[in-house]
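I have placed the structure first, in the form of structure tokens, so that the comments after it can refer back to it.
The values are calculated or read from the model by the stated rules, or taken from the named source; none is laboratory data. Predicted model, so just to flag it, every value in this text is computed and none were measured. Glycine also receives a Cβ, built like all others from the backbone with ideal geometry; neighbour counts cover every protein chain displayed.
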Ligand SMILES: Nc1ncnc2c1ncn2[C@@H]1O[C@H](COP(=O)(O)OP(=O)(O)O)[C@@H](O)[C@H]1O
Ligand SMILES: O=C(CO)[C@@H](O)[C@H](O)COP(=O)(O)O
């Protein structure tokens, strides 16, 4: 599109649970290009639901790494076809769903460094042949996704749940030790969590050290499971990335380091002195530090874009790559929270987070290194039953229509006449509970509500849980507190109205729900162009607090 020509900009990426998203932001802070690839809709050959595969054990949850690579190919080709002027991209950064892990096979760095601009990324980055001994370690129970063309997936012989087969012929060298990466929805590592906490002296000790007690989704415990259940894949792994640093590696053409902020979600990083905990590394797997590399400040330039992107898409050779980070830290950067403000992200997961000056590790919730100010921190609560739970109730009771869903919220009153509901179709993170639980105004547990009462009970219950757990961690809604909402469900004004009613404070939204992308683009400016970007960001801060307010 001609209007994009000659517009100096930064790109912000988000490799999230359900999509890969990108925004282009110019020096006046205008988002002038947004695009996304939705895994379930646009890459159906991978057979994901909500961007993931839930294995037969109901606990193991993975996503195919090649799906993420292919999604990036699609977005870049769409941008190219639309006439996007890549030569104006000064820098880029990005985000990834937190805690997920990618296992690069020995030799992958050579493949990354010598990609042919004549081929797409996914045609050159393939998965390897690793037999999974049927342990459930990263092997979807179903026949598994049909691999992209040129790879034959054969039904494995009995006793082996599944395997990924090297593509035939010259389809590309194996780059990944396993093709199905554990992601944040996984809750199969309870044994590994117990081992880790025992090693360091208990849950509170681990929380003080790494910012969190042991959580099943946290990467250290996932690595421990892989090492224990698929030692062959672990031994063939030259590098372990988070989803964020994996994405940065694609742009760099080499292994990108893990940043402090997303690295705080691994149960491996000492959040005070920002180094790997030797005790935690040793508890998870051998030679782990060399596979992780050294962590870096989130506000680091990790290199220049690789020649692949210069030659294939026309990026300038000097385009800087700024460390990618977790989607929630990136959102915090994008939303520019002020002291006392609370951010609520209504994505696949629901999260509540805020800026902290000092760490206050507890047994619930998480403390991460701050992605903007390395001296500060961020606190976060994560709720697994977020958008996918809302979608299920919408499909069951509102004809799969958000407008029908909204009618229920509009036709029922605040407080729902005393009816309360809590809905956890998958094992919840905060707190650890599963099932649907309904209580009448007389405080009797009931088995059902009328459809409109059920919808309001779901939304009020989700937001009351957030408020109660936040207050339990000492977060207080003060007179000047603003709630800044983001994530896909923040498009829904009726849901945001319930949020404002439950918290009793105004809710603000910015002009895009993709705060992780915008935050990443701002971090690219901020880190790459210091003074100029600080002016940019100061103006942005002024803007965000004049955005739409929902009373
Ligand atoms: N109008 C809407 N009302 C409620 N939820 C919505 C609406 N539009 C999108 N969503 C939800 O947003 C979710 C995606 O949010 P997003 O932040 O993009 O997810 P992620 O970043 O985790 O991939 C979808 O699962 C969908 O249920
Ligand atoms: O586990 C967490 C945070 O600790 C999740 O918030 C993931 O980071 C997934 O993010 P979304 O895809 O839902 O944005």
Report, by residue number, each residue of region 110-124 that is in a helix (DSSP H, G or I), buried (at least 17 other Cβ atoms within 10 Å of the Cβ) and out of contact with any strand residue (DSSP E or B) (no Cβ under 6 Å at 6 or more places or on another chain). 112, 121, 122, 123, 124
Test residue 359 against the stated conditions and say whether it is in the same structural domain as residue 464 (by the TED database) and away from ligand 2 (no atom under 14 Å from the Cβ). yes
Among the residues of region 289-296, is there at least one that is under 23 Å from the mean Cα position of the chain (by Cα), in a strand (DSSP E or B) and more than 16 Å from ligand 1 (Cβ to nearest atom)? yes
Determine whether region 298-312 contains at least one residue that is within 16 Å of ligand 2 (Cβ to nearest atom) and touching a helix residue (DSSP H, G or I) at 6+ places or on another chain (Cβ under 9 Å). yes
Of the residues in region 307-349, those that are within 17 Å of residue 517 (Cα to Cα) and outside any loop (DSSP other than H, G, I, E, B) number 18
Please count how many residues of region 349-378 are under 17 Å from residue 431 (Cα atoms), more than 16 Å from ligand 1 (Cβ to nearest atom) and within 19 Å of the chain's Cα centre (by Cα). 3
Enumeration of residues in region 402-422 that are surrounded by fewer than 18 Cβ atoms within 10 Å (Cβ to Cβ) and either in the same structural domain as residue 59 (by the TED database) or closer than 22 Å to residue 51 by Cβ (or both): 402
Before we move on, is residue 31 at pLDDT 95 or above and in contact with a strand residue (DSSP E or B) (Cβ under 8 Å, 6 or more places away or on another chain)? no
Of the conditions (1) surrounded by 22 or more Cβ atoms within 10 Å (Cβ to Cβ); (2) out of contact with any helix residue (DSSP H, G or I) (no Cβ under 6 Å at 6 or more places or on another chain), the single one that residue 511 does not satisfy is (1)
Considering region 477-508, residues that are free of Cβ contacts under 8 Å to residues at least 40 places away in the same chain and over 22 Å from the mean Cα position of the chain (by Cα), and then whichever is surrounded by the most Cβ atoms within 10 Å (Cβ to Cβ), we arrive at 505
Considering region 90-107, residues that are crowded, with 24+ Cβ neighbours inside 10 Å and away from ligand 2 (no atom under 16 Å from the Cβ), and then whichever is nearest to the chain's Cα centre (by Cα), we arrive at 93
Matching option when the condition is within 16 Å of ligand 1 (Cβ to nearest atom) and in contact (Cβ under 8 Å) with a residue 60 or more places away in the chain, among 200, 243: 243
Residue pairs meeting the criteria (Cβ under 7 Å; at least 6 apart or on separate chains; first at pLDDT 95 or above, in region 36-55; second more than 15 Å from ligand 2 (Cβ to nearest atom) and outside any loop (DSSP other than H, G, I, E, B)): 37/74; 37/75; 39/46; 42/74; 43/70; 46/64; 53/180
What single numbered condition from (1) farther than 25 Å from residue 125 by Cβ; (2) surrounded by fewer than 24 Cβ atoms within 10 Å (Cβ to Cβ) fails to hold for residue 214? (2)
Assuming residue 383 fulfils every condition listed in (1) over 24 Å from the mean Cα position of the chain (by Cα); (2) under 30 Å from residue 360 (Cα atoms) apart from one, which condition is it? (1)
Which condition number does residue 49 fail, the rest of (1) assigned by the TED database to the domain that holds residue 185; (2) within 16 Å of ligand 2 (Cβ to nearest atom); (3) touching a helix residue (DSSP H, G or I) at 6+ places or on another chain (Cβ under 6 Å) being met? (3)
